[in-house]
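Please read the structure below before turning to the comments.
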Amino acid sequence: MIVRQGGRPINIDNQVWGIILAAGFSRRMGEPKLLLPYKGKSLIRHTLDECLKSHLDEMIVVVNPKIKNLVEESQIEGVNEVILNDFSNEGMSTSVKLGVQSLPDSVQAAVFLLGDQPLMTSREVNQIIKDYHRQPNCSIIQAKYEDGIGHPVLFKRNMFPHLLKISGDEGGKSVISKFKEQVYYSEMNRKVVPDIDTPKDYKLLIEGE
């Protein structure tokens, strides 16, 4: 099921779309983490707002329809589609596949982001897109931080069929591992952006506010 929202003007050449994965159950947090407040707005809204500031042509959000008010929080101007994942309990792979299946044929690459990373900025997203254009022979562009690798991760269209074969809660890790010779690590020049998964994570986030 897709909730459609009027999007921004679309660049029809070599489009790069964002797919925000936001369909988890927040089991470790004990409450819907994406709706928790931070600096005057929800965690998911921080991610969406930074994506809207970026050079992404369009973006879609994959949400868990069982989380009350999450659809409404994601339906903001500039979001092309909000996709309801009724199979969230089967793992992140279901959200990845729903996102890929919803992309128009004009999309040549997709940048995957996590809804629970409110400290992610448009700068990181733009660096991934910049390196995508600079590295035409690489099919995957992954963020490299001073203390590890992580999101955002871009997959070119030739990787989409492989993403559609993943299962469980692995996300795109198996595809990255299988095609590691086609991966370019994009330097973010900062510490890794943390996921907000637990009450401790959220407490640290708020304390750093």
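Summary of values
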| quantity | calculated |
| --- | --- |
| Coil-residue GluC sites (Glu not before Pro) of the range 101-201, DSSP, other Cβ within 10 Å capped at 15 | 146, 170 |
| Accessible area (Å², per residue) of the chain, counting only protein heavy atoms and a probe of 1.4 Å | 48 Å² |
| Helix-derived mean residue ellipticity, 222 nm - over the chain, DSSP H n ≥ 4, -39500 (n - 2.57), to 500 | -7500 deg cm²/dmol |
| Residue 201 - accessible surface, heavy atoms, 1.4 Å probe, Å² rounded to 10 | 50 Å² |
| Residue with peak Gaussian network fluctuation, the chain [Cα springs, cutoff 10 Å], from 96, 62, 107 | 107 |
| With DNA, RNA and ligands ignored, accessible area of residue 98 (1.4 Å probe; Å², nearest 10) | 50 Å² |
| Additional length obtainable on full extension of the chain from residue 149 to residue 27, 0.36 nm per residue less Cα span | 41.5 nm |
| The chain: relative contact order as a whole-number percent, Cα under 8 Å and 6+ apart | 25 percent |
| Gyration tensor verdict on the range 18-70 (Cα atoms; rounded if a/c is under 1.5, prolate if a/b is larger than b/c, oblate otherwise) | oblate |
| Reachable aspartates and glutamates, given that their alpha-carbon falls under 19 Å from the alpha-carbon of residue 200 and they are not under 8 places away in the same chain | 31, 116, 209 |
| Under DSSP loop assignment and at most 16 Cβ neighbours within 10 Å, longest trypsin sites (Lys or Arg not before Pro)-free interval of the chain | 69-164 |
| Lysine-lysine proximity count for the range 7-147, Cα under 27 Å, sequence distance 8 or more or distinct chains | 22 |
| Cα gyration tensor shape for the chain, rounded if a/c is under 1.5, else prolate or oblate | rounded |
| GNM flexibility winner over the chain from 195, 169, 147 (Cα, springs under 10 Å) | 147 |
| Euclidean distance of C-alpha centroids, the range 119-164 and the range 47-66, integer Å | 16 Å |
| In Hz, Karplus ³J(HN,Hα) per residue of the range 150-166 (6.51, -1.76, 1.60; θ = phi - 60°; x = Gly, Pro) | x, 8, x, 10, 9, 10, 6, 4, 5, 8, 4, x, 6, 5, 6, 9, 6 |
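The values are calculated or read from the model by the stated rules, or taken from the named source; none is laboratory data. Model, not experiment: these values are computed from the prediction. Glycine gets a Cβ as well: all are built from the backbone with ideal geometry, and neighbour counts include every protein chain shown. Ligands, DNA and RNA are stripped out before the accessible areas are found, and what is left, the full protein with its side chains, is counted by its heavy atoms. Shrake-Rupley method; radii C 1.70, N 1.55, O 1.52, S 1.80 Å.
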